[in-house]
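Everything below concerns the one structure shown next.
The values are calculated or read from the model by the stated rules, or taken from the named source; none is laboratory data. In this text the structure is predicted, and so the values were computed from the model without any measurement. Neighbour counts are summed over all protein chains in view; Cβ atoms, including those assigned to glycine, are modelled from backbone coordinates with ideal geometry.
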Amino acid sequence: MSDQRETDFKERTESKQSERVQTGSELKVSEQLLIESSNKESLEQSSNRSTDNQLSVPQLSTAQLSVAQIIRIFRTYPAFFLLLLVLFWSYRSTFAELSQLWIHDPQYSHGILIPLFSFYLLYLRRDQLVFDDQPSYFFSWAIIFFGLGMRIVAGMLSFLPLDGLSFILVLFGGAGLLCGRKNQRVSFGPILFLIFMIPLPYQMQKWMGEELQTVATLVTTNILQTLGQPALADGNIILLDEVKLEVANACSGLRMLMTFIAFAVATVLVIQRCWVVKLLILVSSIPIALVVNILRIVATGIAHVQVPDMDSRESILKWIHDFNGWLMMPVGLSLLMLELYIYKHLLIETKNDELY
């Protein structure tokens, strides 16, 4: 009987242990099912949130982003735009003289477009602006005080070029003081481009005009002789049989030179090419301007020889002279575009070349 009781007791204990193991395994399976269901629910919720966020985020166009960036710039740097207003008010007499020069002097008629293009250059670099930049106090204050000193000297001497240059220096120093050193570097090109709105000093302008007159007279005489015309140079006058063609100061090419250099610098600041191409464009702007002006004088000289004597001869020659003057800038820009085309196919740039 005792053996039978022991066997019964063992069977009972084994059955209880098996039941415990089964219940434990069932609990583990249920826990795993709960964990998997909770993970699925969390994934579904996160996916729903992401889709909701994607649906709720508006897609901004490029124009809207540009407007938003401009508004952010105005909100971040209101002191800089206040500085612009103060500078324009304090330099109002300087800009009044400059505006009269731009309107009445054909040599600086391009000056009215320079500030507008400078703003456009700064707009093109809006993505490089930093909104939490640290100002450069010492360097900026040194430039501002130096510019103010130049303005005092310019006022004492009544020297317009020096006064205009002082405005550029004060503006550049104010950009570093109120907007930070990184933004000052970004705005260096657009602010420096304002120098083309300032006239040259009178003595420099006179000297350059005389030198350009001499060069234009000699080169034009040689070209006319090569074309079979009996041309002789007498000072700044070209003798063509009985015709005297004077290369006046207005025909020296100084106006074309200044305007075309401004166009070349603007092109360099806009295009994204390596520094070698940009340097070649800057260097070639001077000979292109000279060549275009010489071609104008040659065409005018040939017209004086070929147009016969008639009642309307003077009006025809005047029209040809004015038309050749108008044609100078399109021809110069065409030569510049041809130069860029040649550089594009002649100089192969790699990814390691620096663009700026």
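Could you tell me whether Ala231 is in contact with a Gly (Cβ under 9 Å, 6 or more places away or on another chain) and farther than 22 Å from Ser109 by Cα?
Answer is yes for this residue.
Matching residues to (1) in contact with a Ser or Thr (Cβ under 8 Å, 6 or more places away or on another chain); (2) within 30 Å of Asp105 (Cα to Cα); (3) not hydrophobic (A, V, I, L, M, F, W, C):
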{"residue": "Leu148", "(1), (2), (3)": "yes, yes, no"}
{"residue": "Leu157", "(1), (2), (3)": "no, yes, no"}
{"residue": "Pro161", "(1), (2), (3)": "no, yes, yes"}
{"residue": "Val170", "(1), (2), (3)": "no, yes, no"}
{"residue": "Gly180", "(1), (2), (3)": "yes, no, yes"}
{"residue": "Ser187", "(1), (2), (3)": "no, yes, yes"}
{"residue": "Pro199", "(1), (2), (3)": "no, yes, yes"}
{"residue": "Leu212", "(1), (2), (3)": "yes, yes, no"}
{"residue": "Val219", "(1), (2), (3)": "no, yes, no"}
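Can you tell me which residue among Val268, Val243 is of a type in the set (Val, Ile, Thr) and within 22 Å of Gly111 (Cβ to Cβ)?
Of the residues listed, the single one that is of a type in the set (Val, Ile, Thr) and within 22 Å of Gly111 (Cβ to Cβ) is Val268.
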Filter result for Pro190 (within 30 Å of Leu129 (Cβ to Cβ) and buried (at least 19 other Cβ atoms within 10 Å of the Cβ)): yes
Every pair of residues 6+ apart whose Cβ atoms lie under 7 Å, when the first sits in region 312-327 and is closer than 15 Å to Met256 by Cβ and assigned by TED's automatic domain parsing to the domain that holds Phe260 while the second is part of a helix (DSSP H, G or I) and among the small types (Gly, Ala, Ser): Asn324/Ala299
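Identify, from the list Gly209, Gly176, Gly155, the residue that is within 27 Å of the chain's Cα centre (by Cα) and either within 20 Å of Leu82 (Cα to Cα) or modelled with pLDDT under 90 (or both).
On the way: Gly209 fails: within 27 Å of the chain's Cα centre (by Cα); Gly155 fails: within 27 Å of the chain's Cα centre (by Cα).
Selected residue: Gly176, the only one of Gly209, Gly176, Gly155 that is within 27 Å of the chain's Cα centre (by Cα) and either within 20 Å of Leu82 (Cα to Cα) or modelled with pLDDT under 90 (or both).
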Qualifying residue in region 242-253 (condition: among the hydroxyl-bearing types (Ser, Thr, Tyr), crowded, with 22+ Cβ neighbours inside 10 Å and within 41 Å of the chain's Cα centre (by Cα)): yes
Any hit, region 116-127, residues being among the small types (Gly, Ala, Ser), assigned to a helix (DSSP H, G or I) and within 18 Å of Phe188 (Cβ to Cβ): yes
Selection count, region 235-256, where residues are aliphatic (A, V, I, L, M), at pLDDT 80 or above and in contact with a helix residue (DSSP H, G or I) (Cβ under 7 Å, 6 or more places away or on another chain): 6
Of all residues making up region 124-140, the number that are free of Cβ contacts under 8 Å to residues at least 40 places away in the same chain and under 11 Å from the mean Cα position of the chain (by Cα): 0
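So which residues in region 128-149 are in a loop (DSSP other than H, G, I, E, B) and not hydroxyl-bearing (Ser, Thr, Tyr)?
If the condition is that a residue be in a loop (DSSP other than H, G, I, E, B) and not hydroxyl-bearing (Ser, Thr, Tyr), then Leu129, Val130, Phe131, Asp132, Asp133, Gln134, Pro135 are the ones that fit.
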